[in-house]
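Following: one structure in structure tokens, then a few remarks.
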Amino acid sequence: MATFPQGFTWGTATASYQVEGAVNEDGRGISIWDTFTATPGKVRNGNTGEIACDHYHRWRDDIALMQRLNISAYRFSIAWSRILPTGRGDANQKGIDFYSRLVDGLLAAGITPFVTLYHWDLPQALEDEDGWLRRGIASDFTAYADTVSRALGDRVKHWITFNEPWVFTWLGYAKGEHAPGRQSNNPGSALAATHHAYLAHGMSVPVLRQNSPDAKVGIALNLVPTDPASPKSDDAEAAAHFDGYFNRWYLDPLFRGHYPADMIELYEPYMPEIRPGDMQQIQVPLDFLGINYYTREVVAKGTQNPILGTEKVVPDGDYTSMDSEIYPEGLYNTLKRVHSEYNPKAIYITENGASFDDELTEDGRVHDDQRAAYLKAHFEAAARALEEGVPLKGYFVWSMMDNFEWAFGYGIRFGLYYVDYTTQRRILKDSGHYLAGVAKTNQT
Ligand code: IFM
């Protein structure tokens, strides 16, 4: 058993396109995920976010469900195209009103809102102008951040600029597995998209601080600790490259003001244009780092990724329904490493959770023992890091309820609440009962 300090923040997380639905309501503009899901073959079973969890209409009930979890914080994202339907220009008051009511409802329920500005649903109109490949998008994002924080900054005091920049840049602009589905297979596209997103991050942080006095501002990175498949130096070098590609490429600019030198060498033909002053802008001091942790990677020297010289190795162990290795030690290692090498002022685990093939049984419950065990093991790994001095302030479980799992659609379930998509009934899973106990007692 592990104990967390009094005042530790327990929360859950969701994202706009994954839960809201109501894609054509109240002036919302089209996003790249509307376009992507409408393209045959892109998402399993042709699933879309058109209805999702209908959270746009059910948010009041959903807040009541959060209270039942005893959580003190809720992390959600804003759909850019609800606020600015074509990405820039006049604000859509109805979109602002929706989030304003949600924020008020949360505060009235004693739940602190943590707002993510970008969780991947770019307005399609901006993608039509080359999306994150265009440098000028950084100014568009900053104007969007300005509009949102002017409207909500009196009440929202925790801001996250971007969620998982690796995912939307590499999967969206190089591999084509996520919206906007550009399968360029060109690392240069992903690196340019990353650089522009990071510029947007650096430019928007001071704006958020100005509009939202006393606010804490951060970013959420998905970090994947990487172990070599063997003690051989070739495998160690491969692991260092994978770590550079996935973790250091995102951490170093924020905390050291440069991309990692060894990776710049590997990426030489693909490097984005970096103008004087860019890196200083990106290194804007942050109040916290958000870490999304799910699993680790084990790699050997190989040719699967010719630039990195790596081959993925699948170790023996337990796996989730998305084939992620269950490896709580990786969370401990990540927290310790980030603290000692980058020293952020504060850390939140902004996402952690697991997908399993949940079943609603005849007793009307979902006995997801594996998820409860997964959470307990990860909570205890985090508690160990905290006891050893890591400034961990809070923990958000992904996700508050089952939702649209991107290219996997609705077949993959991560929720603490089971969602029956035909009726929209939510059923508290056993893991949700477990979290409610932990959040109440601060004990695992
Ligand atoms: O559902 C996603 C979320 O949108 C971002 N982080 C990982 C989750 C599970 O795959």
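The values are calculated or read from the model by the stated rules, or taken from the named source; none is laboratory data. Given the structure is predicted, the values throughout are model-derived calculations rather than measurements. Cβ atoms come from the backbone with ideal geometry, glycine included; neighbour counts cover every protein chain shown. Side chains are part of the model used for accessible areas, which takes the heavy atoms of the whole protein and leaves out ligands, DNA and RNA. Shrake-Rupley method; radii C 1.70, N 1.55, O 1.52, S 1.80 Å.
Just to be sure I understand, how many residues within region 1-16 are away from the ligand (no atom under 16 Å from the Cβ), surrounded by 21 or more Cβ atoms within 10 Å (Cβ to Cβ) and assigned to a loop (DSSP other than H, G, I, E, B)?
Count: 1.
Let's see how each residue does on (1) farther than 23 Å from MET401 by Cβ; (2) part of a loop (DSSP other than H, G, I, E, B); (3) touching a residue at least 24 places away in the same chain (Cβ under 8 Å):
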{"site": "GLN18", "(1), (2), (3)": "no, no, yes"}
{"site": "VAL23", "(1), (2), (3)": "no, yes, yes"}
{"site": "GLY27", "(1), (2), (3)": "yes, yes, yes"}
{"site": "LYS42", "(1), (2), (3)": "yes, yes, yes"}
{"site": "ILE63", "(1), (2), (3)": "no, no, yes"}
{"site": "ARG75", "(1), (2), (3)": "no, no, yes"}
{"site": "GLY89", "(1), (2), (3)": "yes, yes, no"}
Failed condition for ILE427, given (1) closer than 15 Å to GLU359 by Cα; (2) more than 15 Å from the ligand (Cβ to nearest atom); (3) open to solvent by 30 Å² or more (accessible area, probe 1.4 Å): (3)
Filter region 353-381 down to residues that are small (Gly, Ala, Ser) and within 16 Å of the ligand (Cβ to nearest atom) and give me whichever is nearest to ALA2 (Cα to Cα). GLY353
Which residue out of ALA151, ALA108 is aliphatic (A, V, I, L, M) and more than 25 Å from HIS433 (Cα to Cα)? ALA151
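Kindly evaluate PHE255 against the criterion of being in contact (Cβ under 8 Å) with a residue 12 or more places away in the chain, surrounded by fewer than 23 Cβ atoms within 10 Å (Cβ to Cβ), within 16 Å of the ligand (Cβ to nearest atom) and not aliphatic (A, V, I, L, M). Can you show your working first?
On the way: in contact (Cβ under 8 Å) with a residue 12 or more places away in the chain: yes; surrounded by fewer than 23 Cβ atoms within 10 Å (Cβ to Cβ): yes; within 16 Å of the ligand (Cβ to nearest atom): no; not aliphatic (A, V, I, L, M): yes.
In short, no.
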Complete set of residues in region 265-285 that are among the hydrophobic types (A, V, I, L, M, F, W, C), under 19 Å from LEU133 (Cα atoms) and open to solvent by less than 60 Å² (accessible area, probe 1.4 Å): MET271, MET279, ILE282
Restricting attention to region 387-409, the residues that are open to solvent by 40 Å² or more (accessible area, probe 1.4 Å) and more than 12 Å from the ligand (Cβ to nearest atom) number exactly 4
Taking region 362-376 and the residues there that are over 13 Å from VAL397 (Cβ atoms) and open to solvent by less than 50 Å² (accessible area, probe 1.4 Å), the one that is nearest to the chain's Cα centre (by Cα) would be VAL366
From (1) farther than 30 Å from PHE8 by Cβ; (2) open to solvent by less than 20 Å² (accessible area, probe 1.4 Å); (3) of a type outside the set (A, V, I, L, M), pick out the condition that doesn't hold for GLY330. (1)
Which residue is nearest to ILE32 (Cα to Cα), if the candidates are limited to region 175-204 and must be touching a Gly at 6+ places or on another chain (Cβ under 7 Å) and open to solvent by 30 Å² or more (accessible area, probe 1.4 Å)? PRO180
Can you run down the residue pairs with Cβ atoms below 8 Å, 6 or more apart or on separate chains, where the first is in region 282-294 and of a type in the set (Phe, Trp, Tyr) and within 16 Å of the ligand (Cβ to nearest atom) and the partner is modelled with pLDDT of 95 or more and part of a loop (DSSP other than H, G, I, E, B)? TYR293/LEU223; TYR294/VAL224; TYR294/SER324; TYR294/GLY353; TYR294/ALA354
Of the residues that make up region 303-318, is at least one part of a strand (DSSP E or B), within 16 Å of the ligand (Cβ to nearest atom) and either of a type outside the set (Phe, Trp, Tyr) or buried (at least 22 other Cβ atoms within 10 Å of the Cβ) (or both)? no
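One line per residue, one yes/no per condition, for (1) open to solvent by 10 Å² or more (accessible area, probe 1.4 Å); (2) within 16 Å of the ligand (Cβ to nearest atom):
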{"residue": "ARG101", "(1), (2)": "yes, no"}
{"residue": "PHE114", "(1), (2)": "no, yes"}
{"residue": "PHE141", "(1), (2)": "no, no"}
{"residue": "ALA151", "(1), (2)": "yes, no"}
{"residue": "PRO165", "(1), (2)": "no, yes"}
Look at ARG75 and say whether it is basic (Lys, Arg) and either more than 16 Å from the ligand (Cβ to nearest atom) or surrounded by fewer than 21 Cβ atoms within 10 Å (Cβ to Cβ) (or both). no
All conditions in (1) among the hydrophobic types (A, V, I, L, M, F, W, C); (2) in contact with a strand residue (DSSP E or B) (Cβ under 7 Å, 6 or more places away or on another chain); (3) assigned to a helix (DSSP H, G or I); (4) surrounded by fewer than 22 Cβ atoms within 10 Å (Cβ to Cβ) are true of LEU435 except (4)
Take the conditions in contact with a Ser or Thr (Cβ under 7 Å, 6 or more places away or on another chain) and either within 16 Å of the ligand (Cβ to nearest atom) or among the hydroxyl-bearing types (Ser, Thr, Tyr) (or both) and apply them to ASN442. Does it pass? no
Under 8 Å between Cβ atoms, which residue pairs at least 6 apart in sequence (or on different chains) link something in region 202-221 that is more than 25 Å from THR14 (Cβ to Cβ) with a partner that is in a helix (DSSP H, G or I) and open to solvent by 10 Å² or more (accessible area, probe 1.4 Å)? GLY202/GLN281; MET203/SER139; MET203/THR142; MET203/GLN281
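Could you name every one of the strands (runs of 3 or more DSSP E) located completely within region 321-429 that has at least 2 residues being of a type in the set (Val, Ile, Thr)?
The strands (runs of 3 or more DSSP E) meeting that bar are 347-352.
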